[in-house]
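Let me begin by presenting the structure, written as structure tokens, before commenting on it.
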Amino acid sequence: MTAPKLKIKRLERNGEKPPMPFYATEGAAGLDLTYFGEDEKTIIPGELEKLNTGICVEIPKGYVGLIYIRSSLGAKHGITLANSVGVIDCDYRGELMVFVTNTSSMKYTVRPGDRFAQLVITKYEQFPIEECEELSTTDRGSGGFGSTNK
């Protein structure tokens with residue numbers, strides 16, 4: 001069985017198109033996304049910036065796109081996504097825009113064409129929802145936040 005195709009539309013601005021997203025290695029799970037803007041953006045510590053990718057996607061039904069920051073930006077520069085993980089539903093057709101924040105004490109500059117995020121496509125299911133008065137019991141029960149550290 002062949003995997004469904006991910007359709008990608010590149011937007012044109014001022015006669016230019018962004019690079020196609022790509023898998024950086026043979027084993028990469030995520031497609032690298034680049035910043036598609038006219039000017040560089042400096043992300044001030046504690047501030048939020050919107051980074052355009054210049055691409056739109058058609059994700060097959062039954063799949064979702066998950067956007068993550070590139071690990072090197074988080075580990076080396078404190079750049080992270082404002083919402084931790086971006087969720088791109090299969091019925092969204094607009095431009096992928098990523099909101100990033102700077103958790104470090106140093107400014108960080110993103111230049112047009114810089115790789116900054118990754119798009120991972122994964123399957124999902126929607127479940128029928130049933131309201132109930134009681135849930136089944138387990139050994140763990142309602143214990144959380146360290147309750148399994150015995």
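Worth a mention:
- Prolate/oblate/rounded label for region 70-150 (Cα gyration tensor, a/c 1.5): oblate
- Gain in span if fully extended, Cys132 to Ile8, counting 0.36 nm per residue against the direct Cα distance: 40.4 nm
- Estimated FRET transfer efficiency when R0 is 35 angstrom, pair Glu58-Arg111 (beta carbons, to 0.05): 0.80
- Exposure proxy for Phe116, Phe127, Phe99: other Cβ atoms within 10 Å of each Cβ, ordered fewest to most, give Phe127, Phe99, Phe116.
- Unsatisfied cross-links (Cα-Cα over 29 Å) in the set Lys5/Lys107; Lys9/Lys41; Lys9/Lys107: Lys5/Lys107; Lys9/Lys107
- Look at Tyr108, Tyr63 and count the other Cβ atoms within 10 Å of each Cβ; fewest to most, that gives Tyr63, Tyr108.
- Interatomic Cα distance distribution for region 31-123, bins of 5 angstrom, percent: 3, 15, 26, 25, 16, 9, 5, 1, 0
- The slack between Tyr124 and Glu16, meaning 0.36 nm per residue of separation minus the straight C-alpha distance, is 35.4 nm.
- Separation in nanometres of the label points that stand 7 Å from Cα toward Cβ, at Ser142 and Leu66: 2.8
Read-outs throughout are calculated quantities, based only on the coordinates presented, and are distinct from any laboratory measurement. Just so you know, these numbers come straight off a predicted model, no measurement behind them. Counting neighbours? That spans all protein chains shown, and the Cβs are built from the backbone with ideal geometry, glycine included.
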